[in-house]
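Here's the structure we're looking at; comments come further down.
The values are calculated or read from the model by the stated rules, or taken from the named source; none is laboratory data. All values reported here derive from a predicted model rather than from experimental measurement. Counting neighbours? That spans all protein chains shown, and the Cβs are built from the backbone with ideal geometry, glycine included.
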Amino acid sequence: MLCSVKDILYIDLTKGYELDFDQKNKIADILSIVSHGQHFYVMANKRQDILGYYLFVVDSEDPEMEDEYLICWTNKCNIRQADLCFLRPENKGDESALLAVSYAVEGLNTYNVFVFDVKTKGILYWFETFHLFESPITGFLLQTRDFMILSKDGC
């Protein structure tokens, strides 16, 4: 998979096969992509020229298969500072991995964090807080399993 803000390409060099995902799914403004096992998780801000939050799963073994959407919410908001990462609970296999999704919403001045159970595709955790869009923000997981968010401006 090759990804930029405007394009996602799936390329299989052994078969000489190429698939353009942004054209297949009619998505744009690609914000983040991460792989886990045989799947790619993609976060975009536009689908069919409509603003929204779009998070979908691509099967790397069968890229032409219909993609599964974890989030498909249309709205009129730009999102930025998006990040996707995997949290792996201790003493459990990859099938119980958790996908953390975070992004800032321009105009609404909010910062959101979702945690998805990869196996059930359900939302386990959703956190939303006021945050000035222009201010840098960072979040991290403490050893106590608490999630801490720090903002440069203290909001």
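Examine segment 92-104 for a residue that is in a strand (DSSP E or B), touching an Asp or Glu at 6+ places or on another chain (Cβ under 7 Å), within 22 Å of Ile137 (Cβ to Cβ) and of a type in the set (Ser, Thr, Tyr), and state whether such a residue exists. Among the residues of segment 92-104, at least one is in a strand (DSSP E or B), touching an Asp or Glu at 6+ places or on another chain (Cβ under 7 Å), within 22 Å of Ile137 (Cβ to Cβ) and of a type in the set (Ser, Thr, Tyr), which makes the answer yes.
From the residues in segment 96-141 that are surrounded by fewer than 15 Cβ atoms within 10 Å (Cβ to Cβ) and out of contact with any strand residue (DSSP E or B) (no Cβ under 8 Å at 6 or more places or on another chain), which one is nearest to Asp83 (Cα to Cα)?
Filtering segment 96-141 for residues surrounded by fewer than 15 Cβ atoms within 10 Å (Cβ to Cβ) gives 96, 107, 119-130, 134-136, 138, 140-141.
Of the ones still in play, those that are also out of contact with any strand residue (DSSP E or B) (no Cβ under 8 Å at 6 or more places or on another chain) are 107, 119-120, 134.
Working: Gly107: 19, Lys119: 20, Thr120: 21, Glu134: 17 Å.
Only one residue fits best here, namely Glu134.
Checking each residue in segment 106-135 for being of a type in the set (D, E, K, R) and assigned to a loop (DSSP other than H, G, I, E, B) picks out Glu106, Lys119, Lys121, Glu134. So which residues in segment 6-22 are outside any strand (DSSP E or B) and surrounded by 11 or more Cβ atoms within 10 Å (Cβ to Cβ), if there are any at all? Passing the criteria: Asp7, Phe21, Asp22. Checking the stated criteria, Gly93 turns out not to satisfy the condition of being at pLDDT 85 or above and either farther than 25 Å from Ser135 by Cα or among the small types (Gly, Ala, Ser) (or both).
Scanning segment 48-76 for residues that are assigned to a loop (DSSP other than H, G, I, E, B) and touching a Phe, Trp or Tyr at 6+ places or on another chain (Cβ under 8 Å) returns Ser60, Pro63, Asp67, Asn75.
You will find that of Tyr54, Tyr10, Tyr41, the residue that is over 23 Å from Met148 (Cα atoms) and touching a Pro at 6+ places or on another chain (Cβ under 7 Å) is Tyr10 and no other. State whether the residues of segment 42-50 include one that is over 30 Å from Pro136 (Cβ atoms) and modelled with pLDDT of 85 or more. Yes; the residues of segment 42-50 include at least one that is over 30 Å from Pro136 (Cβ atoms) and modelled with pLDDT of 85 or more.
Within segment 54-69, the residues that satisfy the criterion of being over 9 Å from the mean Cα position of the chain (by Cα) and either touching a residue at least 12 places away in the same chain (Cβ under 8 Å) or at positive phi (or both) are Val57, Val58, Asp59, Ser60, Glu61, Pro63, Glu64, Asp67, Glu68, Tyr69.
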